[in-house]
Amino acid sequence: SDAICNFVICNDSSLRSQPIIFNPDFFVEKLRHEKPEVFTELVVSNITRLIDLPGAELAQLMGEEDPKLPGANSTASGFFRSLMSLKRKEKGVVFGSPLTEEGIAQVSQLIEYLHKNLRAEGLFRVPGNSIRQQILKDALNSGTDIDLDSGEFHSNDVATLLKMFLGELPEPLLTHKHFHAHLKIADLTLFDEKGNKTSTPDKERQIEALQLLFLILPAPNRSLLKLLLDLLYQTAKKQDKNKMSAHNLALMFAPHILWPRNVTANDLQENITKLNNGVTFMIKHSQKLFKAPVYIRECARLHYLGSRAHTSKDDLDLLTSSGSKELQPLKSQKRSRLDSCHQETQQRTEEALKELFHHVHNMPDSAKKKKLIRQFNKHPTALTPGSDVPTSPAPRRTRSRSFSGLIKRKVLGTPVILERKSRDTTPEPVRVSKENVQLLQKCGSPAHMSQAKLKSLEGQKEGSCRRMRARLLSKDSSSL
């Protein structure tokens, strides 16, 4: 937040009334200039997510290997290479030299003039006067300012000279390293419902891939490309006057900004349609191609500010892959906060489970209570917080399968069940006759009998003995 405030707030009272322009790509440009390796790795990782680049082509894009271009081994390309080297021996400040800020400043005069004269029919297609072009070329090479509005030069002279400047660059404006990537972008198409590729271009993915690819262009190339595509976009918007559509302009400029140097149309016979269509697409969508994707902006902002608000998981993965060491302390702090939060939530969960367990235990006996206790017993480790409260096993209810038993339960309720329980549990007294007692005494083997029956028999024996004594005593007393 401090960085944003320092960028937006101005202490100069004379400038406070001026509108504040905030550049959304501020942190992207800052990361590109201050940490180019981190920036390149971040962008290239997303490029490979969109297009399939084999190892050799990826190494060429990263600049680790020399680009292998079509027609590089032919005799014609060798002749063109030697011819171009002879021309570059007499190169000036602008024409035939690598791109520099000074050269772009000189050429921008041509672009500004053409923006004012877009209605000329056949612009960029009709050649201008060669003598006037040479005068203008010498003036630009010498670094002098030219008054193009004086009427000395025609718009066709200026347009032809701009194409000449692009054609004499040591490499195309989009560089040799990016050549194979642009071919792959042209192959990005939509898929049908079954997952098969169709012939319909996937415009969203193509725009995203071009945005990423333009981010890793050299700064002078990117600056000039933006000026050029904006000029061609405005030219195509006035095609009703100048008769130059986006496709016609692409045919004029594709050899200068995308085709590899020192190759002919025969060398690009298989890919010439892709390249021309690719430049047409760039012209039509030029107003979107020089904005960094949202996730790249967010990653660059996070790299400097360290705030993780409004960040998705994919963005954080990109940041970890970029190898930035500044986010490591934040990761450790976040892990410690997560661990403490996890412990607090676990303690709260245990306390809530204890309260729930006590509440269930104190509930009156009912089917709902038994059901809850059964759930606790099924998951003792997860649900039962401790062994503080003893759980008494639920009494089993004896159920009668007969229809009469069902009626009794419905009408009389639980007393019938309790009476039946008492009857089932209390043993009935066994009545044994004298013959049976004598028989048992004769057998003398109580091992085959239950203890309850034996006790009942012994009790009856003692009772009979008491009665016999009482009778004898009564006889004795009567005789006396």
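For the stretch 180-219, give me each residue that is among the acidic types (Asp, Glu) and either closer than 26 Å to Trp259 by Cβ or assigned to a strand (DSSP E or B) (or both). Within the stretch 180-219, Asp187, Asp202, Glu208 meet the criteria.
Condition check for Leu174 on (1) outside any loop (DSSP other than H, G, I, E, B); (2) open to solvent by less than 20 Å² (accessible area, probe 1.4 Å): one failure, at (1). In the stretch 103-142, what residues are surrounded by 14 or more Cβ atoms within 10 Å (Cβ to Cβ), in a helix (DSSP H, G or I) and among the small types (Gly, Ala, Ser)? Answer for the stretch 103-142, where residues must be surrounded by 14 or more Cβ atoms within 10 Å (Cβ to Cβ), in a helix (DSSP H, G or I) and among the small types (Gly, Ala, Ser): Gly103, Ala139.
Restricting Asn11, Asn46, Asn23 to those that are modelled with pLDDT under 65, more than 30 Å from Ala139 (Cβ to Cβ) and either in a loop (DSSP other than H, G, I, E, B) or of a type outside the set (A, V, I, L, M, F, W, C) (or both) reduces the list to Asn11. Taken together, Asp149, Asp145 contain a single residue that is open to solvent by 20 Å² or more (accessible area, probe 1.4 Å) and either outside any helix (DSSP H, G or I) or out of contact with any helix residue (DSSP H, G or I) (no Cβ under 8 Å at 6 or more places or on another chain) (or both), which is Asp145. Yes or no: Lys274 charged (D, E, K, R), out of contact with any Lys or Arg (no Cβ under 9 Å at 6 or more places or on another chain) and either modelled with pLDDT of 95 or more or in a loop (DSSP other than H, G, I, E, B) (or both)? For Lys274, the condition - charged (D, E, K, R), out of contact with any Lys or Arg (no Cβ under 9 Å at 6 or more places or on another chain) and either modelled with pLDDT of 95 or more or in a loop (DSSP other than H, G, I, E, B) (or both) - is not met. What are the residue pairs meeting all of these: first residue in the stretch 19-35, first residue farther than 14 Å from Pro293 by Cα and open to solvent by 100 Å² or more (accessible area, probe 1.4 Å), second residue at pLDDT below 85 and hydrophobic (A, V, I, L, M, F, W, C), Cβ atoms under 6 Å, and 6 or more apart or on different chains? Cβ pairs passing all conditions: Ile20/Val8. Within the stretch 238-257, the set of residues being without any contact (Cβ under 8 Å) to a residue 40 or more places away in the chain and either open to solvent by 50 Å² or more (accessible area, probe 1.4 Å) or in a helix (DSSP H, G or I) (or both) comprises Gln239, Asp240, Ala246, His247, Ala250, Leu251, Ala254.
The values are calculated or read from the model by the stated rules, or taken from the named source; none is laboratory data. Please read these numbers as outputs of a predicted model, since none were measured by experiment. Don't worry about glycine lacking a Cβ; one is built from the backbone with ideal geometry, like all the others, and counts go over all protein chains shown. In case anyone asks, the SASA skips ligands and DNA or RNA and just uses the protein heavy atoms, side chains included. Shrake-Rupley method; radii C 1.70, N 1.55, O 1.52, S 1.80 Å.
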